[in-house]
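Let me begin by presenting the structure, written as structure tokens, before commenting on it.
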Amino acid sequence: MATLINQNQDGPKLPRWRRVINWLGRWPGQRDRRAVEDLLKHVHACQERGQGASAESAAGAIGWSARRAVKVIASVEALGLIRSTSKGLELTDGGTQLAVSVIRAHRLWERYLADEAGMPLTQVHAEANRREHDREGGRVDRLDAALGYPQSDPHGDPIPRADGRLAEFAGTPLMSWSSGRPARITHIEDEPASVFDQIVATGLMPGQVITVEGSTPEGLRVAFNGRKSVLAPVIAANVFVQAVPQDAAPAPARSLSSLEQGGEAVIRGFDQGLRGFHRRRLLDLGLTPGTPIRAERVSMFRDPRAYRVRGSLVALRREQADRVHIEEGSPSPSAQTGATS
């Protein structure tokens, strides 16, 4: 990897870390640039967790050989973006700045892919990894504006602002949460992918309110979206929550997917994390708050299911119905007449 930077002798001299960032933006070797940015992102993640990054941890997380990890680290250290300490690798100011810019692009792409492109949540992380390195020409700023300046990605991680500010991570592991206290899910780890796939299949999403009811030899017994489940320790360890203020705690939500065939209810609303394309599609199908809905047909494999709403049958997959909240009661007058909102 080339590590030399031609310094401009004319005009004021830029700080070294700013020259490095400018140079990386012009560097034609995309493989080298990706290696630098992947390493910085890994070191940043380790620092956020209070862990020390090393050649071994970088090789394992990024998929490099030990020899390549050592070579990349030496080059990036020569650029002044990281330094070796007794606790492991540490970002310099310039390294932090560049790492945060990559993280911002990554999380905005995840938001776009999940909300607007309709990509399954289990696939957005890998695709965002591929797109995060292309940040020239104000592309990331335009993406941020087009999405309405979202505060977090689909996993609950805060999205850095354009000026590099990054909100502190908020959350307590669900495994250590006391029983009987409602909590709101703030973050779900997306790695390892095999565990994240299990979490998505369970129906857990950032923004949901969950209550720990106790523990069993198999894991935590929890209640959310109107149903009960037992979460294996490996799943519960990757879910983070924070307290719901008592005066702001909503009534427990019940998901549409829990409505048995022939059952009737009224749509109450959607999960907080349901945005963009997916939210618009449900609204276009007539699933507006206050609308009566009835569970009709069930397919052979119980997914998708058909629901009758506003005189029509609509088919929803389990993951879609999980994000629609329902309640018992009478529909609003406008919903009874079939008006849309």
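The table that follows gives values for the structure above.
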read-out	value
Every residue from the range 183-196 that is at pLDDT 90 or above and touching a helix residue (DSSP H, G or I) at 6+ places or on another chain (Cβ under 9 Å)	ALA183, ILE185, ILE188, GLU189, VAL195, PHE196
Scan of the range 254-265 for residues that are assigned to a strand (DSSP E or B) and surrounded by 18 or more Cβ atoms within 10 Å (Cβ to Cβ), ordered by number	ARG254, SER255, ALA265
Hits in the range 291-310 (condition: more than 29 Å from TYR112 (Cα to Cα), modelled with pLDDT of 90 or more and outside any strand (DSSP E or B))	ARG310
GLY94 surrounded by fewer than 20 Cβ atoms within 10 Å (Cβ to Cβ) and not assigned by TED's automatic domain parsing to the domain that holds PHE277	no
Matching residues in the range 159-209 - criterion: being among the basic types (Lys, Arg) and surrounded by 18 or more Cβ atoms within 10 Å (Cβ to Cβ)	ARG184
Scope the range 79-108; condition within 26 Å of GLN151 (Cα to Cα) and either without any contact (Cβ under 8 Å) to a residue 24 or more places away in the chain or in contact with a strand residue (DSSP E or B) (Cβ under 7 Å, 6 or more places away or on another chain) (or both); matching residues	LEU91, THR92, GLY95, ALA99
Selected residue (criterion: modelled with the lowest pLDDT) from residues of the range 101-125 that are surrounded by fewer than 19 Cβ atoms within 10 Å (Cβ to Cβ) and in a helix (DSSP H, G or I)	THR122
Extreme residue, surrounded by the most Cβ atoms within 10 Å (Cβ to Cβ), among residues of the range 126-158 that are small (Gly, Ala, Ser) and more than 20 Å from GLN198 (Cβ to Cβ)	ALA128
Qualifying positions in the range 75-86 - surrounded by 15 or more Cβ atoms within 10 Å (Cβ to Cβ) and of a type in the set (A, V, I, L, M, F, W, C)	VAL76, LEU79, LEU81, ILE82
Leading residue by the ranking (modelled with the highest pLDDT) among those in the range 266-290 that are assigned to a loop (DSSP other than H, G, I, E, B) and under 22 Å from the mean Cα position of the chain (by Cα)	ASP271
Verdict on ARG318 being at pLDDT 75 or above and touching a helix residue (DSSP H, G or I) at 6+ places or on another chain (Cβ under 6 Å)	yes
Subset of the range 34-86 [among the charged types (D, E, K, R), under 24 Å from HIS125 (Cβ atoms) and outside any helix (DSSP H, G or I)]	ARG49
Test: residue in the range 227-236 that is of a type in the set (D, E, K, R), without any contact (Cβ under 8 Å) to a residue 40 or more places away in the chain and farther than 13 Å from ARG181 by Cα	yes
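The values are calculated or read from the model by the stated rules, or taken from the named source; none is laboratory data. In this text the structure is predicted, and so the values were computed from the model without any measurement. Don't worry about glycine lacking a Cβ; one is built from the backbone with ideal geometry, like all the others, and counts go over all protein chains shown.
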